[in-house]
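Right, one structure below, let's go through it.
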Amino acid sequence: MGQKVLVFGDIGIDDTMAIIYGYFNDDIDIVGIVADYGNVTKEKAVANVQYVKSLLESEKTEQVAIIGGAELSMTGEPLQSFPEIHGEYGLGPIIPPEEYLNGDVLENFFEVVKLIYDNDDLIIVNIGRLTSLATLFLLYPQLMQKIKAYYMMGGAFWVPGNITAVSEANFYGDPVAAKIVLSMADNVSIIPLNVTEHAIVTPEMINYIDEVQELNLVKPIFDYYYSFYKKRNPSLKGAPLHDVLTLMAPFYDNLLTYTELPVQIIQSLSGIDRGQSIADIRPFVELENGLDEPGKKYRIAFQLHYEEYFINFMTNMTGQRFG
């Protein structure tokens, strides 16, 4: 039995790839998945993850709780989803069967509280917007101190954003929630675009996985995902799996190099700087404004060791030893 993990995600293609990776990795025991709005609507995210769970059906997935998360951000704005990147249901060209599309809405969010109570040394990995996680901090601040560590995919530090020139999608989608989580959570590691953009998987890697693996899901969803990235940047040899790297991070410290710094999240709800993540590298300044605690620092990943990432990903996804 591996380390217990509670995943919060907006269940697009890279979220789904992370769930599949966690299924094949004996070091990881996913006890629950909170399906949020983001890449798709909450309802479609729930249908997606329920369908994927059915495809992975085994003793390992039997006890995985599926929990419906947030439908909208804390800003109250209408949802902007991204079917051109992730497909209508977050599975590229694949549409889940009707039994999942017409299933329960899953307004069962508070079941996550029991999950946290029942599992000691739990790690939370947030690979989507931070709305649901922020809600838990507002309602159960003492309970959230029970969590062993938090890993979140979000932010862009001195590199281009993927929504605006300076802002990454998860922080941009709900900057209010991002600020709440960073102000209230302890033992936080941020896995930003600085490293996830380099977590490239190539079509050749996926084709080999498809040859040796019985699960006929990885190739069609990756090909859809890669086609978007290829159109946007024809020079790319593969597509980045942001969320897979974030799920790897708690277990393999050799994959990333970190620096501890204070962070601010810009709260503007319009303009290019909405959701911008700013790390303060000045050695003599403590943050005193906003919700952030003076001097509070976060572990931020700044360098990916790609060879270790490649070996880890291919070894776990194929069941064969690479490297």
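Every number here is computed from the coordinates shown, using simple stated rules; none is lab data. This one's a predicted model, so the numbers in the text were calculated from it and none came from an experiment. Methodologically, a virtual Cβ is constructed for each residue, glycine included, from the backbone with ideal geometry; neighbour enumeration extends over all protein chains shown.
Just to verify a result, which residue in segment 161-179, among those that are among the small types (Gly, Ala, Ser) and part of a loop (DSSP other than H, G, I, E, B), is surrounded by the fewest Cβ atoms within 10 Å (Cβ to Cβ)? Filtering segment 161-179 for residues that are among the small types (Gly, Ala, Ser) and part of a loop (DSSP other than H, G, I, E, B), the one surrounded by the fewest Cβ atoms within 10 Å (Cβ to Cβ) comes out as Ala165.
Checked against the criterion of being in contact with a Ser or Thr (Cβ under 7 Å, 6 or more places away or on another chain) and without any contact (Cβ under 8 Å) to a residue 60 or more places away in the chain, the candidates Thr61, Thr41 yield just one match: Thr41. The helices (runs of 4 or more DSSP H) falling completely within segment 1-81 that include 1 or more residues that are aromatic (Phe, Trp, Tyr) map to 13-24, 42-55. For segment 138-160, a tally of residues being part of a loop (DSSP other than H, G, I, E, B) and under 16 Å from the mean Cα position of the chain (by Cα) returns 3. The set of residues in segment 175-195 that are over 13 Å from Ile124 (Cβ atoms) and of a type in the set (S, T, N, Q) comprises Ser183, Asn194. Suppose the filter is among the charged types (D, E, K, R), touching a Gly at 6+ places or on another chain (Cβ under 9 Å), surrounded by fewer than 16 Cβ atoms within 10 Å (Cβ to Cβ) and part of a loop (DSSP other than H, G, I, E, B); does Glu107 pass it? It is true that Glu107 is among the charged types (D, E, K, R), touching a Gly at 6+ places or on another chain (Cβ under 9 Å), surrounded by fewer than 16 Cβ atoms within 10 Å (Cβ to Cβ) and part of a loop (DSSP other than H, G, I, E, B). In the set (1) within 30 Å of Ile278 (Cα to Cα); (2) among the charged types (D, E, K, R); (3) without any contact (Cβ under 8 Å) to a residue 12 or more places away in the chain, the condition left unmet by Glu197 is number (3). Considering segment 38-60, and only residues there that are over 19 Å from the mean Cα position of the chain (by Cα) and not small (Gly, Ala, Ser), the residue that is surrounded by the fewest Cβ atoms within 10 Å (Cβ to Cβ) turns out to be Glu59.
Sub-6 Å Cβ pairs linking a first residue in segment 65-81 that is in contact (Cβ under 8 Å) with a residue 24 or more places away in the chain and under 17 Å from Lys179 (Cβ atoms) to a second residue that is assigned to a loop (DSSP other than H, G, I, E, B) and hydrophobic (A, V, I, L, M, F, W, C), at least 6 apart or interchain, are Thr75/Leu269, ordered by first then second residue.
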